[in-house]
Structures are given as C-alpha cells and as structure tokens.
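Enquirer: Structure incoming, see below.
The values are calculated or read from the model by the stated rules, or taken from the named source; none is laboratory data. Only a predicted model underlies this, so the values are computations on that prediction, with no experimental measurement involved. All Cβ positions, glycine included, derive from the backbone under ideal geometry; neighbour counts span all protein chains shown. Protein only, heavy atoms only, side chains kept; ligands, DNA and RNA dropped before computing areas. Shrake-Rupley method; radii C 1.70, N 1.55, O 1.52, S 1.80 Å.
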Protein chains: 2
Amino acid sequence: MGDSVTSRALALLGAFDGENRSLCLTELARRAGIPLATAHRLVGELHRWGALAREPGGDYVIGRRIWQLGLLAPVQSGLTQAASPFLHDLYGTTLATVHLAVRDGLEVLYVERLAGHVSVPVVSRVGSRLPMHATGVGKVLLAYAPEEVRLEVLQNLTRITAYTVTQPARLLDQLRRVRAEGYATTGEEMSLGACSVAVPVRNGETVVAALGMVVPDLRRQLPRLVSALQVAAHGISRTLAGPASVEWK
Amino acid sequence: MGDSVTSRALALLGAFDGENRSLCLTELARRAGIPLATAHRLVGELHRWGALAREPGGDYVIGRRIWQLGLLAPVQSGLTQAASPFLHDLYGTTLATVHLAVRDGLEVLYVERLAGHVSVPVVSRVGSRLPMHATGVGKVLLAYAPEEVRLEVLQNLTRITAYTVTQPARLLDQLRRVRAEGYATTGEEMSLGACSVAVPVRNGETVVAALGMVVPDLRRQLPRLVSALQVAAHGISRTLAGPASVEWK
DNA sequence: AATCCTCTTCCACTGAGTGGAAGGTGCCAG
DNA sequence: CTGGCACCTTCCACTCAGTGGAAGAGGATT
C-alpha cells in the first residue's frame with residue numbers, strides 16, 4: 001500500500017516543494033524512495049502526459065497540465081474567483097498585503113495573496129501552510145473550527161517569536177474575543193515587525209475562509225482596517241451565495 | 001502503453017475539465033475508459049493522497065494537493081509572480097481586462113487574468129486555451145514563434161466570427177507588422193464587441209509571454225494603451241532577468 | 001585517462017494489479 | 001410496499017504489467 005505503482009507515481013510528484021521546484025531524476029528517485037530504474041520509467045510516463053516538464057538543463061519541474069488541473073480545484077475556482085475583485089479593492093484602498101486563507105487540517109493554507117512592490121516582512125506564500133495560532137487568519141479560522149480541531153491545536157502551541165501566544169488559556173480567551181467582536185489580531189507573533197488583522201468569510205452560516213491583512217503597526221488605524229475587511233468579506237459572502245456563481249462563457 | 005497503471009491514474013485526473021469540475025465515480029470511470037472496479041481502487045488511492053477530494057454529495061473534485069503542486073509549476077512561480085504587480089498597475093491605470101499568456105503547442109494558454117467587476121465579453125479564463133490567430137496575445141506569440149509552429153498554425157485558420165482572419169497571406173502580413181511595430185491588435189476576431197492589443201514579454205532576447213488587454217473599441221486610445229502595455233512588459237522583463245528573482249523567505 | 005556523476009536500456013522473474021461477478025445501499029415511481 | 005435502476009463497494013483467482021539489478025553510454029571534473 002505504501003508502494004503501489006500509483007502511490008509511487010504520486011510520491012514522485014510529492015517530491016517537489018517550495019524549496020525544490022526543479023529536481024534531477026536521481027534526486028527525484030532518492031526523495032521518493034524509489035529505485036532509479038523504476039523512477040526513470042515512471043517519470044517518463046508523467047512527463048509524456050504533461051504532469052512533469054523538463055527544464056533547459058534537463059531537470060524536471062511540475063508541468064503545465066498539473067497547473068491547469070489545479071485551477072479546477074474548488075479552492076481556486078469557487079472561493080478565489082469570488083474573492084478576487086474584492087481583494088483588489090481592498091488592496092487599492094489600504095495598500096497593505098492582503099490574504100485569503102482556508103483551514104486545512106490543523107494549519108492555515110494561503111489561497112490568495114496580494115502584495116505591493118515593497119512590503120512588510122511577510123512569511124506567507126500562496127499555497128503555503130502556517131500554524132494557526134500565530135497568524136491573524138489562523139486565529140479566525142481556529143475560532144470557528146470544530147471543537148476537536150481547536151483542542152488538538154491547543155496541545156501544540158509552538159513558539160515562533162518572543163510574542164507568540166503559547167499558553168492555551170490565553171489563546172482560548174483570544175478566540176472567544178474573536179467570536180464576540182468579529183475580528184482577530186496578531187502583533188509580531190509570526191515574524192517581527194509584522195502585525196495583522198483578519199475577519200471571517202462566510203458562505204451562508206458557516207465560515208469557509210478568512211480574509212487578512214498584514215501591516216507594520218495597527219494601533220492607529222485598527223477600526224478603519226477592520227471595517228474595510230468586513231466590507232470586503234461581506235462582498236465575498238454575497239458573491240458566494242449569489243446567483244449560481246457567475247459563469248464565464 | 002495507453003493503459004499502464006500510471007497512465008490510467010492520469011487519465012482519471014484528466015477526466016476533469018472546465019465544464020466538469022466534479023464527477024461521480026461511475027462517470028469518472030466512463031470518461032477515463034476504465035472498468036469500474038479498477039477505477040474504484042485507483043480513485044481511492046488518489047483520494048487518500050489528496051489528489052482528489054470528495055464533495056458533500058460524494059462526487060470527486062480535484063484536491064488541494066494538486067492545486068498546491070500547480071503553484072510550483074514554472075508558469076506560476078516565475079512568470080506570474082514577476083508579472084503580478086505590473087498587471088495590477090496596468091489594470092489600475094486602464095481599467096481594462098488584462099491578460100498574460102504563453103504559447104503551449106499551437107494554442108495560447110492564459111496564465112493570468114485581471115478583470116473588473118463588469119467587463120467586455122471576454123472568452124478567456126486562467127488555464128484555458130484559445131487559438132492563436134484570433135487573439136491579440138496569440139498573434140504576438142505567433143509572430144515570435146519558431147517557423148515550424150507558424151506554418152502549422154497557418155494551415156488551419158478556423159473562422160470564429162465574421163472578422164476572424166482566415167487567409168494565411170493576410171495573417172502572415174499582420175505578423176510581419178507585429179514584429180516591426182512591437183504590438184498586435186484584433187478587432188472582434190474572437191468575439192463580437194471585443195477588441196484587443198498585446199505586446200511581447202521578453203526574458204533576455206527570447207519572447208516568453210504576451211501581455212494583452214481587451215477593450216470595447218481601440219481607435220481612440222491605441223497609442224496610450226500600447227505605451228502602457230510596453231511599460232508593463234519592460235517592467236516584467238526586468239524582474240525576470242533581475243537579481244535571481246526575489247525570493248520570499 | 002581515470003574517476004565520479006547522472007541518465008538510459010535490457011530482460012527474466014513474480015507478485016501487484018486486474019476486472020467480472022455478486023452484494024449493498026439509496027432513490028424514485030407505480 | 002415492491003420492483004427497478006443507478007451508484008458504490010468488496011472479493012479473489014489468474015496473469016501480465018511492473019520490477020530493479022546490472023551493464024553500458026554520456027559528460028563533467030580532477
């Protein structure tokens with residue numbers, strides 16, 4: 001089961017990550033734990049189909065076909081499309097780095113991100129995952145997550161900066177406040193010099209995503225940012241619930 | 001060779017497309033041409049790995065893992081990231097639908113797209129393909145494509161609207177002009193009521209993409225649009241060639 | 001020219017993958 | 001309530017697709 005043909009082929013694809021976007025055959029085989037000769041054949045098939053492409057140097061990279069498939073994923077097609085114009089508006093009015101994220105298991109998965117030419121040190125990248133307890137969007141998603149998820153996350157509050165909240169009781173208290181006030185904040189809990197605000201995005205009753213923003217400092221403008229975020233979040237919710245999601249012919 | 005385990009698994013993934021973003025097992029098996037029992041097992045593996053996800057109804061959709069992989073593809077990671085801020089600027093100054101596209105075989109592949117809330121009838125979608133001879137970005141990419149590609153495309157100029165250029169000689173003449181003047185235009189050749197302008201995006205010497213724009217009419221503002229496009233295209237080129245592409249920590 | 005690296009091809013062996021058939025579930029119509 | 005239909009799941013004996021060690025080709029470095 002850990003080494004059926006299929007799972008091996010998938011393991012080869014899984015060998016790629018943010019730090020390793022292009023790999024040679026040997027490396028690919030090593031990372032996937034597959035004999036070279038076997039990897040050679042499988043990689044060949046993946047390449048022929050378009051799941052992998054070759055770079056000038058001969059190294060393999062993820063192919064366009066996978067990229068195209070990815071665009072069909074629900075995260076992409078539903079949520080992102082609905083959110084896109086609102087994110088732009090939001091960016092236009094605030095010029096801060098703007099984020100859309102969903103919960104994936106016990107982590108935050110960044111689905112969309114809009115940043116200017118220069119910006120605050122931001123760790124996230126579209127498609128990357130971060131711990132929930134140290135990010136604005138994470139706190140929002142955690143606040144509305146099922147009880148069991150919350151408990152499990154509280155078990156393991158790893159420290160990231162000096163300001164990361166690592167006491168379960170304190171985080172729990174913050175989450176209560178998030179539900180009461182409708183937004184979450186962080187102050188240098190993920191990376192120094194970066195604060196964030198975030199609000200939930202709903203589809204009907206359920207919270208399906210979080211919309212957040214990273215700024216160098218938020219004392220001054222907090223109310224303004226929160227209301228901008230909430231306007232955008234409502235807009236997205238309305239689009240999601242809206243008339244069968246606008247279909248592009 | 002058309003039915004190794006691997007190619008069957010890939011065929012299952014390939015069963016999804018823009019019109020069929022969620023499919024039930026039976027349908028999936030039928031489309032991939034695989035016996036139900038076999039499809040059941042393969043789909044199970046794909047699902048366990050995260051390549052497929054299940055919707056509330058039980059139907060399958062492309063999973064987040066594939067989406068994440070797609071983000072690692074070179075189209076996405078290099079080009080799109082470099083282009084993103086310039087596309088926003090461009091959209092901000094012109095408020096027209098803006099496109100970034102590359103050539104994939106004999107077609108145009110739309111890589112990025114920025115549209116306002118309301119817009120001209122535009123056919124493209126990110127990840128979709130269109131014929132090269134009837135789109136602005138297509139003409140640009142065709143003008144700089146290898147000779148053999150150009151010849152093959154010229155063989156088959158399918159008519160789409162009444163204005164589509166279908167005479168090889170005439171298109172060839174337009175392509176010459178594209179190379180001379182540095183931009184391409186279309187007038188309702190793909191869909192009525194939509195005109196477009198496009199310019200090449202270079203990485204060093206070679207044209208790697210095209211940047212385009214769709215507007216209802218371009219007589220008036222052509223020079224302004226072309227120069228806005230060229231500014232953006234130069235910006236992208238500079239970023240691409242730039243200091244080892246800005247790495248996000 | 002010797003060493004080391006990665007890639008490619010080959011082929012005899014064998015167990016992983018196959019798929020028809022049977023059974024389960026849930027829905028709708030008569 | 002009952003039969004029919006459409007979809008999903010499980011089973012298991014057969015066999016052919018997949019395996020991977022080994023050997024050879026290409027290319028870079030010393």
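Enquirer: Round to the nearest 10 and give me the degree value, 0 to 90, for the angle of helix A:168-181's Cα axis relative to the longest principal axis of chain A.
Expert: Taking Cα atoms only, the helix is inclined about 70 degrees.
Enquirer: When only DSSP loop residues count, what trypsin sites (Lys or Arg not before Pro) in segment B:115-214 have their Cβ near at most 14 other Cβ atoms within 10 Å?
Expert: Working: sites: B:R125, B:R129, B:K139, B:R150, B:R159, B:R170, B:R176, B:R177, B:R179, B:R202; in loops: B:R125, B:R159.
Answer by residue number: B:R159.
Enquirer: Among A:V149, A:A82, B:T93, which residue has its Cα positioned farthest towards the positive end of the charge dipole of the protein assembly as shown, with +1 placed on the Cβ of Lys and Arg, -1 on the Cβ of Asp and Glu, and the dipole taken about the Cα centre?
Expert: My answer, from the dipole projection, is B:T93.
Enquirer: When the Cα centres of segment B:184-247 and segment A:21-41 are compared, how far apart do they sit, in Å?
Expert: Using only Cα atoms, the two centres lie 39 Å from each other.
Enquirer: Rounded, prolate or oblate: which fits segment B:5-69, taking a ≥ b ≥ c as square roots of the Cα gyration tensor eigenvalues, rounded meaning a/c under 1.5, else prolate when a/b beats b/c?
Expert: In terms of gyration-tensor shape, rounded.
Enquirer: With charges set only on the Cβ (+1 for Lys and Arg, -1 for Asp and Glu), what does the dipole of segment A:74-241 come to about its Cα centre, in debye to the nearest 20?
Expert: I would put it at about 260 debye.
Enquirer: To the nearest 10 square angstrom, what accessible area does B:S4 show with a 1.4 Å probe?
Expert: 30 Å²
Enquirer: Assigning unit charges at the beta carbon (Lys, Arg +1; Asp, Glu -1) and nothing else, what dipole magnitude in debye, to the nearest 20, does segment A:7-85 show about its Cα centre?
Expert: That gives segment A:7-85 a dipole magnitude of about 220 debye.
Enquirer: Let me see the pair-distance distribution of segment B:73-241: every alpha carbon pair, 5 Å bin width, integer percents in order.
Expert: Pairs per bin, as whole percents: 1, 10, 20, 25, 22, 14, 7, 1, 0.
Enquirer: Which distances in nm, rounded to one decimal and ordered from shortest, link the label point of A:P146 to the equivalent label points in the other identical copies, with labels set 7 Å from Cα toward Cβ?
Expert: 5.2
Enquirer: Taking only DSSP H segments of four or more residues, each worth -39500 (n - 2.57), what value at 222 nm results for chain B once the sum is divided by all its residues, to the nearest 500 deg cm²/dmol? Mind dumping the intermediate values first?
Expert: Details: 9 runs with 106 residues, N = 249.
The per-residue figure over chain B is -13000 deg cm²/dmol.
Enquirer: In nm, what does the list of distances from A:G187 to its counterparts in the other copies look like, shortest first, when each label sits 7 Å along Cα to Cβ?
Expert: 6.2
Enquirer: Here is a follow-up. Expressed as a whole percent, how much of the Cα-Cα distance distribution for segment B:1-155 exceeds 23 Å? Intermediate results must be reported in sequence, preceding the final value.
Expert: Numbers: 6356 of 11935 pairs.
Counting every Cα pair in segment B:1-155, those more than 23 Å apart make up 53 percent.
Enquirer: Let me ask another. If you place +1 on the Cβ of every Lys and Arg, -1 on the Cβ of every Asp and Glu, and leave all else neutral, what size is the dipole of the protein assembly as shown about its Cα centre, to the nearest 20 Debye?
Expert: With only Lys, Arg, Asp and Glu charged at Cβ, the dipole is about 280 debye.
Enquirer: Next question, about the same structure. What accessible area per residue comes out for segment B:5-69, rounded to a whole number of Å², with a 1.4 Å probe?
Expert: Averaged over the residues of segment B:5-69, the accessible area is 44 Å².
Enquirer: Taking GluC sites (Glu not before Pro) as exposed when DSSP calls them loop (any state but H, G, I, E, B) and at most 15 other Cβ atoms lie within 10 Å, what is the longest stretch of chain A free of them, the sites themselves excluded?
Expert: A:20-204
Enquirer: Continuing with the same structure: Take the alpha carbon gyration tensor of the protein assembly as shown, find the square roots of its eigenvalues, order them as a ≥ b ≥ c, and report rounded if a/c is under 1.5; if not, report prolate when a/b exceeds b/c, else oblate.
Expert: In terms of gyration-tensor shape, oblate.
Enquirer: Once A and B are treated as a pair rather than alone, how much accessible area drops out, both sides summed, in Å² to 100, probe 1.4 Å?
Expert: For chain A against chain B, roughly 4900 Å² becomes buried.
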